[in-house]
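Just so you know, all these numbers are worked out from the coordinates, no wet-lab data involved. None of the values given here were measured: they were computed from a predicted structure. A quick note on method: Cβ atoms are made from the backbone with ideal geometry, for glycine too, and the neighbour counts reach across all protein chains shown.
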Amino acid sequence: MVYTQGISRACDLLVLRALPNRLLLSRCGFSVSKKIGNAVVRNRVKRLLREITRLTPLRPGWDIVFIARPVSAHADFDELNKAVKSLLLRAKILETDPTTS
């Protein structure tokens with residue numbers, strides 16, 4: 001569903017696909033193919049993405065899939081963090097605090 005009907009945003013490291021889910025929470029999934037590297041590299045990328053999304057405030061009601069591109073295998077936490085937040089901001093899924101705006 002997310003792949004066929006969702007919105008898509010992309011950058012050098014990641015592709016974001018998102019679809020509203022009518023729930024009170026947002027769910028995230030991660031797709032890291034064998035093109036990224038061996039199992040150690042793929043799991044490292046997934047762990048980093050999982051931690052970034054855990055620390056990032058998301059608007060409720062979205063199903064989100066992050067698709068890693070091969071260059072993400074060489075990215076560090078800060079690079080992936082910037083990429084994730086940029087994609088979420090462009091997709092208008094990033095929760096913003098009204099007191100800071």
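Structure values in brief
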quantity: The chain, helix-only ellipticity at 222 nm - DSSP H runs n ≥ 4, -39,500 (n - 2.57), divided by all residues, nearest 500; calculated: -10500 deg cm²/dmol
quantity: Dipole magnitude (debye, nearest 20) for the chain, charges at Cβ of Lys, Arg, Asp, Glu; calculated: 360 debye
quantity: Kirkwood Rh and Cα Rg combined as Rg over Rh, evaluated for the chain; calculated: 0.97
quantity: Cβ-based net charge around Arg27, under 14 Å, with every Lys or Arg adding one and every Asp or Glu removing one; calculated: +4
quantity: Dipole of segment 2-90 [Lys/Arg +1, Asp/Glu -1 at C-beta], most positive-end residue of Val32, Ser72, Val45; calculated: Val32
quantity: From phi via Karplus (6.51, -1.76, 1.60), per-residue ³J(HN,Hα) for segment 62-71 in Hz, x at Gly/Pro; calculated: 10, 9, 10, 10, 9, 10, 7, 8, x, 5
quantity: Helix axis angle, 39-55 relative to the chain longest principal axis, alpha carbon, degrees; calculated: 20 degrees
quantity: DSSP bridge pairs, segment 2-90: antiparallel proportion in percent, nearest 5; calculated: 70 percent
quantity: Longest DSSP-loop-exposure-free segment, trypsin sites (Lys or Arg not before Pro), the chain, at most 16 other Cβ within 10 Å; calculated: 36-91
